[in-house]
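Following: one structure in structure tokens, then a few remarks.
The values are calculated or read from the model by the stated rules, or taken from the named source; none is laboratory data. Because the structure is a prediction, the values reported are computed rather than measured. Here the Cβ is made from the backbone with ideal geometry for all residues, glycine too, and neighbour counts use every protein chain on show. Only protein heavy atoms, including side chains, enter the accessible area calculation; ligands, DNA and RNA are left aside. Shrake-Rupley method; radii C 1.70, N 1.55, O 1.52, S 1.80 Å.
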Amino acid sequence: MAAKTQNRREFMTQTPVPKLILTLSVPTIISMLVTAIYNTADTFFVARVSSDPAVNTAATASVGLVFTVMAIIQAFGFFCGHGSGNYLSRMLGAGNHKEANEMASTGFALAIILGIIFAIVGNIFVTPIAQFLGATDATMQFTKDYMRIILFGAPFMMAQFVINNQLRFQGAATYAMVGLMFGAVMNMILDPLLIMVFHMQVIGAGIATVMGQVTSFIVLLIGTSKGENIKMSIKNVHINRHYVLEIINGGAPSLFRQGLAAISTLLLNRMAGAMGAITMVTIAGSQQLMGAEAAIAGMSVAGRLMMMMASALIGFGQGYQPVCSFNYGAGLTKRVKEGFVFCVKYSTIFLIGIGAVCFVFAPNIVALFTRTEAAHMVGVAALRFMAASLPLSGAIVISNMMLQSIGKGVKASITASARNGICFIPLILILPQIFGIRGVEMTQACADVLSLFIAVPLALSELRKFND
């Protein structure tokens, strides 16, 4: 066992940084892309639940509304996963295997407990939650049907995020990738089967999503028993002050990032609905109201598409995170800085290319997910704004991941809050009042520009402390 431990330590601390990041990031990029594709699959197939375009638009809008709930569940999953994963990786780097083992089981147990609470409370209050999310008469039943099933899957969703992140932070990115891919395949098989063959509409989409999460959970849990990976054990669960505070310190940035993403999605949907209800558009040569459902559906499609396009960046950054935390714990700060520069440089180059493709082909891409002309108009404009600011995401995301991975919880929380909170929330309240529906479409891009001026200076303030 000692020899095996030494092999992993040598791999993490002596492999050339670019090679190490690429080795760890390829599985995470693949898993993030696959996950993004199956997250988008619900939107794709739900847009085909009926021969009536109005029903399709309402169903698509309902999936967009429930995404806020999914984002909150994911936020707590990442909170437990990144919080425990960052700490155990630093402990492994420092050679403290006892605390690494205890943190792994504690983070996992905490996620299961929180997931059960979400499932029970959410289903009790499903109607007021749907109303709060902005569901209309046309979308209410779809929203409640889809949300109930998603909430039942909360314990599995949170737990799979925890195991996935813990495996990544141990340097076992391949196990993490395999687990997510099994779930993605399950989701993509069940989506068309349940929606288009058995005509279960959004209920089928919800069941497909949850079954995918359950599959990932099972495969990932099996992965923890393989090789040098830390194995889950009830006797190692210690939900005490020390571990909870470490999870909060390492996981708070993820909670802020994902939690504010949920709030921003809520505000975005509500503002899009309000603007869509009063915006006149020209369709087939005649003036007519855009409609709240069409505006929400269009923004939902653009958001899901951009999430899919940015997933490769997230995967690349996740390949850097264990390199960062492990080497920081081992005192090798030069490697942390080298990895940061490498990731920012090449992620920016990649995103310029992806952004250009999305901008040019936006009408064709959005057309795959909506058959309503008004929703298509909103989706194309929003996607183009987001694509224009996409290259900035490299520096923003890598800065946040670096600060979080070295345990700088406050600075990491600020950078995590910038894109979907500090910058986004004021803009979504102001820009639509000035520019109408166009203000809704441009808000995320404007928030990205402002976030760059928050994230990079905070990252540099830490990098300057590292010895060359």
Can you return the lysines within cross-link range of LYS231? Criterion is Cα-Cα under 18 Å, with same-chain partners fewer than 8 residues away left out.
LYS4, LYS98
Can you return the lysines within cross-link range of LYS465? Criterion is Cα-Cα under 29 Å, with same-chain partners fewer than 8 residues away left out.
LYS19, LYS334, LYS337, LYS345, LYS408, LYS411
Can you work out the accessible area per residue across the chain, with the rest of the protein chains kept in place, probe 1.4 Å, in square angstrom?
38
Give me the angle, in degrees from 0 to 90, between the Cα long axis of helix 241-276 and the longest principal axis of the Cα atoms of the chain, rounded to the nearest 10.
10
In the stretch 368-407, which residues have a backbone nitrogen under 20 Å from the label point lying 7 Å from THR282's Cα in the Cα-to-Cβ direction?
372-382
Under a point spin-label approximation (7 Å from Cα along Cα-to-Cβ), what is the ILE117-LYS235 distance to one decimal in nm?
2.9
If you place +1 on the Cβ of every Lys and Arg and -1 on the Cβ of every Asp and Glu, how big does the dipole about the Cα centre of the chain come out, in debye to the nearest 20?
1240
So what's the angle, to the nearest 10 degrees on a 0 to 90 scale, between helix 2-14 and the longest Cα principal axis of the chain?
60
Of every hundred units of 1.4 Å-probe accessible area on the stretch 22-178, the number belonging to carbon and sulfur atoms, as a percent, is 73
Computing the accessible area with a 1.4 Å probe over protein heavy atoms, can you report the carbon and sulfur percentage for the stretch 233-333?
66
Which whole number in µm²/s is D for the stretch 78-230 by Stokes-Einstein, with the Kirkwood Rh taken over Cα pairs at 37 °C and 0.692 mPa s?
199
Using every Cα-Cα pair within the stretch 183-311, state what percent have a distance larger than 21 Å.
68
If you take every residue apart from LYS345 with its C-beta less than 15 Å away from the C-beta of LYS345, what net charge results, scoring Lys and Arg +1 and Asp and Glu -1?
0
Percent of Cα-Cα distances greater than 17 Å, calculated over the stretch 6-101:
70
Can you grab the distance from the C-alpha centre of the stretch 145-208 to the C-alpha centre of the stretch 269-323, Å, no decimals?
22
So how tilted is helix 173-192 from the main axis of the chain? Cα-based, degrees 0 to 90, rounded to 10.
20
Dividing the helical contributions, -39500 (n - 2.57) per DSSP H run of n ≥ 4, by the residues of the chain yields a 222 nm value, nearest 500 deg cm²/dmol, of -28000 deg cm²/dmol
